[in-house]
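What follows is calculated from the coordinates using simple rules that are stated; it is not laboratory data. This one's a predicted model, so the numbers in the text were calculated from it and none came from an experiment. Cβ sites come from the backbone with ideal geometry, for glycine too, and all protein chains shown count toward neighbours.
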Amino acid sequence: MTTSVAGVLLAAGEGSRIGQPKALIVIAGQSLASRGAGLLRDGGADPVIVVSGAAAPASLPPDVQVVHNPDWRTGMGSSLVAGLHAVPGHCTAAVLALADQPLVGAEAVRRLIQARADGASVAVAAYDGKPRNPVLIGREHWPEVIEMAVGDVGARPFLRAKSALVTLIECGDTGRPDDIDTLDDLARVEEVLGGPTPFP
């Protein structure tokens, strides 16, 4: 099965709990938006689309497409919809990732894309068996994903409603799905990135 898989990074939020838009937070010398775009690109997604909102991400790789979501205040759902609408027609699936999870590794993206090549229509990265992010969803499911992505939720309602379709892909050896929601979260992630490389 020939696959062409896009990468969609959701980076539109204002980061109310941390005091600035998460896309602009710099960690280990890179903004979260730039790091997330690199994660998708290095994992094999092409094209890579970054959905902006509260702030325009800077210092992105030149081959990354930025799509502004004017409705970003309504929550993650509108950003997911904007990102999927921007994916070119030749792509059969998209890997969805979040800008505030900088410890996710590119290998997770590669494994999801391989799962698609092996026939999965929905694949979710798991860590110690627990589903998290990133997520790959085949184009054939996007109408349902878009219909269910309302308010501050992304693909989660679809994944719950269609759990029988989900192929879990263990990625616990490739990274961690830690969220950065607070300054304490940021400090913990900086400590991990500043120490010995935790993952190959």
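Using only helices, what value at 222 nm comes out for the chain when you add -39,500 (n - 2.57) per DSSP H run of length 4 or more and divide by the total residues, to the nearest 500 deg cm²/dmol? Helix contribution divided over all residues of the chain: -8500 deg cm²/dmol.
Within the chain, all pairs of alpha-carbon atoms sorted by distance into 5 Å bins from zero give the percentages 1, 8, 17, 22, 22, 17, 9, 3, 0. Looking at segment 5-192 alone, DSSP beta bridges between its own residues are antiparallel in about 35 percent of cases.
Where in segment 123-146 does the amide nitrogen come within less than 20 Å of the point 7 Å from the Cα of residue 114, taken along Cα to Cβ? So the set is 123-138.
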